[in-house]
1. For chain A, what is the mean residue ellipticity at 222 nm derived from helices alone (per DSSP H run of n ≥ 4: -39500 (n - 2.57); sum divided by total residues; nearest 500 deg cm²/dmol)?
2. Using 7 Å Cα-to-Cβ label points, what is the A:Asp280/A:Lys183 separation (nm, one decimal)?
3. Along its three principal axes, how long is the protein assembly as shown when you only count alpha carbons? Whole Å, largest extent first please.
4. For segment A:299-369, take the alpha-carbon Rg, divide it by the Kirkwood Rh, and send me Rg/Rh.
5. Can you give me the relative contact order of segment B:5-154 as a percent, contacts being Cα pairs under 8 Å and 6 or more apart?
6. Taking the Cβ of A:Pro167 as the centre, find all other residues whose Cβ is under 15 Å away and add up their charges (Lys, Arg: +1; Asp, Glu: -1).
7. Over the alpha-carbon set of segment A:67-174, divide Rg by the Kirkwood Rh and report the Rg/Rh ratio to two decimals.
8. Which whole-number percentage describes the relative contact order of chain A, with Cα contacts under 8 Å and a sequence gap of 6 or more?
Amino acid sequence: MHQGTFDLTLDQITKIEGHASLTLRVNNGTVTNCTFEIPEYKRFYTQAVRGKKIQAIPQMVARICGTCSNAHLLCSIHAIEDAQGIQPTKQTYQIRRLLNNGLIIRDHALHLYVFVLPDLYNRDSLLEFDESNLEEHELVHDAFAIKEAGNLLAKWSGGRSVHAPSPTIGGFLTLPTNGEQEKLVLKLELIREKVIKIIKIFEKCEFELREDVLFSALHDDNYDFLGKTIITAENACVPARNYSDHLKHVVKPYSQASAYTYEGKIFIVGALSRMNLSKDGLHKNTKKGASSALALFPSQNIFHNNLAQAMEILHCLDDSIDILSQLEIKEEKPVPYKLKAGVGTGVIEAPRGTLYHRYTIDHEGTVIKGDIIVPTGQNQIAIEKSLWDFAQNNLHLPKEKLSYEMEKIVRAYDPCMSCASHFLKLKIQQE
Amino acid sequence: MRNKLRIGWFTFTCCEDSTILFTELLNTHWDDWKDKIEFVNARILKANNKIERLDVSFVEGSISSEEQADKLKLIRENSKILVAIGACAVTAMPSGWRNTFDEATKKEIQFLIDRYSHLKKVEPLSTYVKVDESVQGCPMNEEKFLEFINSVLKT
């Protein structure tokens, strides 16, 4: 029992993307402090982009994050194309969509199998699953097969699954080669049953933590992660380019990341928000294959972020099969453009939620100013709220168990610290 | 059966692209490695991590603080072979963009350098410890990494 006064510090939260820690302070049976800290060191990308030519920006900002690299790549390309008035071709849109689908499949599978699944099976690591137990043996191999399928999809469409070299402003430097589409479809079809199995596992998972917060996501009618409008659970509808006007930066002095509220409210971005707000747009085969899971949304259970990610893997798989079955790559060069001065915004749904890039560019194509808002920064306050609420309601737990359960909550949010520590928001921090 | 190779995978200031690439290599290589490798420390894969009796430590990222430098030294003391993984570990770029900033930009970010006790400059691993091997690239060169790990597994 810990009804009294104690401190709990978890220096290194494991099985997440990057470095994070948490501190809990309890005084006379009341939580007096609960912080989710991001000690990842800043790399100052917001400053580094200044003075660079726009052609160099996408590959540069992809280096903000290894796992989300292709999301930063696509988002920055969208922002620059917006500034330059470039309309990419339908083929470019389709290949970008496949690249993003590959990212979602690979990244969600990493989170679900490698980070979260050990909590469901009481193992320290996926690699320590009992290979003599058929169920556990299969899950290890399912993990590798699904991640690999996402990998292959991204490699074919973008040249590599991390920091893809082919996408560029206006199109692709190197196009995918014809003749591979059928093989990729086969690979995706082969993992479909495995994906349905992991959906069932997370559907049955009894982890629960309900939060009364605002959900927000970039919306489109066919759940393509590249939509044009932000919607929230309060039915607000905001053009994506105005998104940042609704966010307020909140300084967390113990964290090297930037936190945000949405119109002063605590909010959440990511798979749970997308599923809550856009599930009607899922692929018809996904709706059929995951019908009982679908009925659980909208949901306020934070742990349903895991289930929503599993369902998104299926959606990206079904969507990719459709695109690949009809896509014959034709030779085309990136759309030519004449440099002009202006401001451009890119907003996409990265695996962990809404990602926002904005660049101010001069008439020679040099970046004057860059702004980047990442999903984990937007979720930071909600993460702390969940940790605080859970701790207050569970002070009876032994310290070790309390710490473990709080780590599980952090994992459910799937934060990405590499993304969160890329930059600084100067005007507020100088206050 | 011979003892498993005791491996550590560590990261400092970087985007962890090579760590991600490494987890992707497990997709196709884990069946071959599982009887030969033991992860003694790999924060991305497991919770129970130790820095002791490491045969090979792979270290991604560059060094931004004294605290990181101390941890790197501890890893070095406990590792037979230390391998720098990726551009940031080998060259301190691109994590070290701030090393290249002009005076005005440096001044602009100075309050954060002070607040979070950053080092004056972002450094590659070799500034602080002896590096036995390097796998360069951003992300690391996959073939070179496999070449290295296979050569260690053979010896």
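1. -13000 deg cm²/dmol
2. So the label points at A:Asp280 and A:Lys183 sit 4.1 nm apart.
3. For the protein assembly as shown, the Cα extents along the three principal axes come out at 59, 59, 58 Å.
4. 1.15
5. 28 percent
6. +4
7. With Rh from the inverse mean 1/r over Cα pairs, Rg/Rh is 1.14.
8. With pairs under 8 Å counted, the relative contact order is 26 percent.
FYI, it's all coordinate maths here, none of it is from the lab. Values in this document were obtained by computation on a predicted structure and should not be read as measured data. Note that we place each Cβ from the backbone using ideal geometry, even for glycine, and neighbour counts take in every protein chain shown.
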